[in-house]
Amino acid sequence: MNRLFLFDVDSTLINEEVIDLIGAKAGLSAEISAITDQAMLGQLDFNTALLKRVELLAGLDIEVLDEVRSEITFTNGATELIAELQAIGDQVAVVSGGFMEVIAPIMKLLSIEFFKANSFEIQDDKLTGRVTGEIINRSAKVKFLNDLKSQLNPLQTIAIGDGANDIEMITEADIGIAFCAKPALKEVADVIIDQRDLREILNYL
C-alpha cells in the first residue's frame, strides 16, 4: 500500500507529556501544569504556553533529557502497529509539539524517517529557556502533513492525534482519528477511538 500515517506524539504515540516529565525533573511540575491548564482552557495560545514553559526550564542540564527519554513508554500497540504498516509499504511520519532532543532517538528505533518537533536552544550543555526555529503548533502540523503529501504522493492520508493542537491536521487528512482525545478533537474527527490501544486503528481502515 502507499498510505501516509501522521501521528502526534505526546499522549498519542507515547503515554506521557514530555514537557511535564522535564518539568518534574526540574522540580517545576506545579508551575508547568498550571500553564498547560491555562492553554487547555483557551486562556493562552499554544505558542505562548510553550514559550512560558520552556522559559521555566532555563539552566537545566541536558543530561535530564536522556533521563526523561528513558521514562517514556509507548502507547499499547504503537510499535506493533507501526511495524505492520511499514511492512505493507505504508509511510509512517510523526509531528510533535514536544522536542526533537527527546524524540529523535526514539524515531530511529521505530525506523521513522519523517518527523518534526520543537527544538530547545542549548548552550554549554544547558537549556537556555528558549526554543530555536519554527514552533510546531497546529498550523505547522497541518503544513507538515501537506508537505509530506506533496513529497510522497500517498494514495490516502491518515492523521492521528489527541488534542486541540491536532484539529487542523485531523480535518485536512483523508481520515482523521481522535485517539483517547479531548472533546474538541472528537467533534471534528472521522473516527473516534477511546480504547488505549493503537492497533484499534486497523479496524477502521
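The values are calculated or read from the model by the stated rules, or taken from the named source; none is laboratory data. The structure displayed is predicted, hence computed values, not measured ones. For neighbour counting, all protein chains shown are included, and Cβ atoms are generated from backbone atoms with ideal geometry for every residue, glycine included. For the accessible areas, the whole protein counts, side chains as well, though only heavy atoms, and no ligand, DNA or RNA atoms are used. Shrake-Rupley method; radii C 1.70, N 1.55, O 1.52, S 1.80 Å.
Once you reduce the stretch 157-194 and the stretch 121-150 to the center of their Cα atoms, the two points are 21 Å from each other. The portion of the accessible surface of the chain made up by carbon and sulfur, rounded to a whole percent, is 48 (1.4 Å probe; DNA, RNA and ligands excluded). Per residue, the chain exposes 45 Å² of accessible surface when a 1.4 Å probe is rolled over the protein heavy atoms with every protein chain present. Listed by chain and number, the lysines whose C-alpha is less than 23 Å from the C-alpha of LYS126, apart from same-chain residues fewer than 8 away, are LYS25, LYS52, LYS116. For GLY97, the residues 5 or more places off, or on other chains, whose built amide H falls under 5 Å of its own are VAL9, ASP10. Evaluated at q = 0.19, 0.20 Å⁻¹, a Debye calculation over the C-alpha positions of the stretch 119-166 (equal weights, vacuum) places log10 I(q)/I(0) at -0.75, -0.78. Residue-normalised convex hull volume from the C-alpha trace of the stretch 52-161: 118 Å³ per residue. A full extension of the chain between ALA87 and ASP147 corresponds to an added length of 19.3 nm, given 0.36 nm per residue minus the alpha carbon distance.
Taken over the chain, the percentage of Cα pairs per 10 Å bin, counting from 0 up to the bin with the maximum distance, is 9, 36, 37, 16, 2. Sequence-distant contacts, meaning Cα pairs under 8 Å at least 6 residues apart, place the relative contact order of the chain at 25 percent. In terms of overall dimensions, the stretch 1-85 has a Cα radius of gyration and Dmax of 15.3, 47 angstrom.
Relative to the longest principal axis of the Cα atoms of the chain, the long axis of helix 29-40 lies at roughly 50 degrees. Taking amide hydrogens as placed 1.01 Å from N in the peptide plane, the amide H of ILE14 sits under 5 Å from those of THR75, each at least 5 positions away in sequence or on another chain.
Sequence-ordered 3J(HN,Hα) estimates for the stretch 133-149 from the Karplus curve with 6.51, -1.76 and 1.60 and θ = phi - 60° stand at x, 5, 7, 8, 9, 5, 6, 5, 5, 5, 5, 5, 4, 5, 4, 5, 4 Hz, glycine and proline given as x.
Assuming R0 = 25 Å, can you tell me the calculated FRET efficiency for the pair SER33 and GLU187, based on Cβ-Cβ distance, to the nearest 0.05? Calculated value: 0.50. Expressed as a whole percent, the proportion of Cα-Cα pairs in the stretch 99-202 lying more than 25 Å apart is 28%.
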